[in-house]
Structures are given as C-alpha cells and as structure tokens.
Amino acid sequence: MTRTDRLTKDAWIAAGFRMLATDGPAALKAEVLARQLNTTKGSFYWHFGDLPTYKAELLIAWQDKAASAIISSVASIADPRARLQALARIAQTPAPEAFGGQQVEVAIRAWALSSPEVMAALQSIDQQRIAFLEIILHDMGISDPTYAAMFYATFLGTDDLASKHDPNMAKALDAAVTLLLAFANQETT
C-alpha cells in the first residue's frame, strides 16, 4: 500500500471479520488489525476513534449482512415456497472470504458468550431471522411458530458443522426445506 492509498471503513470492517473468524475477538485490536492491513494504527483511529466504536460498527455491519440484506433480497419473492428455497440457498452460501468466510457466524456466536453487547446483537439477529421464517411459513399455511424455530435451529446446526468442513451439511438443510415443503403441501390439501 502506498502513502496515497487510503483504507476505507469497509476495509477495516472486513479485516475485523477475518481476524474474528481466524483468531477470535482478542484479535480485534487496532495494532493487530493495522498489521494485517499493512498500515498504521492512525488510520484505524481516524475512522473509528476507539476500539468500542469499531466493535459496535463491526456488529452493525454484521447485522446488515447477516439479516437485513438477506431478508430484503428474498422478501419480494411472491411464492413463499420459492422464498424459503431462496433463503436456504443464501443460508448455505458462506460469507465471502474477505469477510471471514464460513467461520464468521460461528466466531460471532462464540464472541457473544463473553460480550453482553454482542449477545444483544446476536439475539436481535436471531429474532429477526425467526420472525421472517414465521412469515414465510405462515404464507405457506404453517402457522405454528415451532416450525420456524426448528428450521432455524437446523440452519444453526448445519452452519456450525459446515464451518468444521462437513460436506454433508448442505444436504441436511436441503432436507429440512424438503420436509417443510412436504408438510406445507399436506397442511393445505
């Protein structure tokens, strides 16, 4: 990087996701991140002011990428079955490597165990995701919210196992979608 190059906030956020995914929350320090980006801590402090602000912005970015953006991308699909299938396809696609890849969600969940702020953000994401699943399933004729919770738990489990490089996990989430679609067909006939 030359002196005329400037790092953006997004570059720092992406570096944080990568560090979190590979080294955990203890690596979320200005000096460690600056080393990864081959720059000085001054650039970090120019954008964020302090570490708590950085971590808060990291969580905001994750909330946007992990819930808001995904929900908006499939909400306009009219057929709820197609919406569920599209959501499952997205859920099976890991975050880009530039943002921590397959490990990032698992790393954030682990971070939440030691940080009340992260836990609050995680609970908010979980609630948004489950509420969206409830809407999809309701539109499919399944009004019991237990099924949304079951599907979400399946997603969390398959995501965790996929982060450990288990190749069968995509099939497991596909099987959950197939079961829900079959159940919805049975409920509406």
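What follows is calculated from the coordinates using simple rules that are stated; it is not laboratory data. Computed from a predicted model, the values in this text were never measured in an experiment. Virtual Cβ from ideal backbone geometry, glycine too; neighbours counted across all protein chains shown.
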Query raised in the report: Arg83 is checked against (1) in contact (Cβ under 8 Å) with a residue 12 or more places away in the chain; (2) out of contact with any Lys or Arg (no Cβ under 9 Å at 6 or more places or on another chain); (3) assigned to a loop (DSSP other than H, G, I, E, B) and fails just one. What number does that condition carry?
Result: (3)
Requested in this report: Please find, within segment 150-167, the residue that is farthest from Asp23 (Cα to Cα) out of those that are within 18 Å of the chain's Cα centre (by Cα) and assigned to a loop (DSSP other than H, G, I, E, B).
Outcome: His165
Query raised in the report: So which residues in segment 22-32 are under 21 Å from the mean Cα position of the chain (by Cα) and under 17 Å from Ala56 (Cα atoms), if there are any at all?
Result: Gly24, Pro25, Ala26, Ala27, Leu28
Query raised in the report: Within segment 98-149, which residues are assigned to a helix (DSSP H, G or I) and of a type in the set (Ser, Thr, Tyr)?
Result: Ser124, Thr146, Tyr147
Report summary line: Taking segment 37-81 and keeping residues touching a Gly at 6+ places or on another chain (Cβ under 9 Å) and aliphatic (A, V, I, L, M) leaves Leu58, Ala61
